[in-house]
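I have placed the structure first, in the form of structure tokens, so that the comments after it can refer back to it.
The values are calculated or read from the model by the stated rules, or taken from the named source; none is laboratory data. It should be emphasised that the depicted structure is a prediction, and the values quoted were computed from it without experimental measurement. Note that each Cβ is placed from the backbone with ideal geometry, even for glycine, and that neighbours are counted across all protein chains shown. These area figures cover heavy atoms from the full protein model, side chains too; ligands, DNA and RNA do not enter into them. Shrake-Rupley method; radii C 1.70, N 1.55, O 1.52, S 1.80 Å.
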Amino acid sequence: MKFYKMLSVVLLLFSNACSDSVYEPQMPELTVADLSKYKMKILPDVPVSTSDVKLVVYEECKYNKLMGVKRDGSTLVVEKQYNSMIMAPCVLTNDTISLGKLPAGTYRVDYKLVDIAYQPAGKITTAVSFRLIVSN
């Protein structure tokens with residue numbers, strides 16, 4: 001009987017270790033004012049529908065590559081990628097990402113930094129979500 005209990009525990013642990021699920025950290029929803037904690041800023045400070053809205057990321061590794069900015073309704077997803085297996089030195093830089101001209105409204109912006117060394121889907125190492133209000 002002990003053998004079967006031990007076997008079931010080992011099988012359970014093995015099945016969890018072999019699952020292909022990727023850990024995605026929870027993204028706390030912030031406001032634009034909270035972005036300084038994550039070394040980010042929105043330009044202009046008070047976006048309007050006629051301005052080109054930009055996300056500035058300070059002190060970021062130069063090898064982080066922008067994969068794109070996707071807009072789906074009122075959600076914008078900014079995804080950057082890097083490969084930790086290359087083991088390149090981190091040269092700090094500031095990056096300005098254009099979110100474009102947005103109609104007046106409230107948007108959710110999700111910023112994700114993905115390490116593509118983890119396969120099949122990559123591992124999100126940084127995730128920030130914030131509410132962006134664009135006025136007329």
Next item on the list: Out of the residues in region 94-136 that are touching a residue at least 60 places away in the same chain (Cβ under 8 Å) and more than 15 Å from the chain's Cα centre (by Cα), state the one that is most open to solvent (accessible area, probe 1.4 Å).
Entry: Asn136
Notebook entry, point to check: Is there a residue being buried (at least 16 other Cβ atoms within 10 Å of the Cβ), over 22 Å from Thr31 (Cβ atoms) and at pLDDT 95 or above anywhere in region 64-80?
Noted result: yes
Notebook entry, point to check: Given (1) open to solvent by 40 Å² or more (accessible area, probe 1.4 Å); (2) more than 15 Å from Lys65 (Cα to Cα), where does Val91 come up short, assuming only one miss?
Noted result: (2)
Check: Taking into account only those residues within region 32-67 that are in contact (Cβ under 8 Å) with a residue 60 or more places away in the chain and of a type in the set (Val, Ile, Thr), which is nearest to Cys90 (Cα to Cα)?
Finding: Ile42
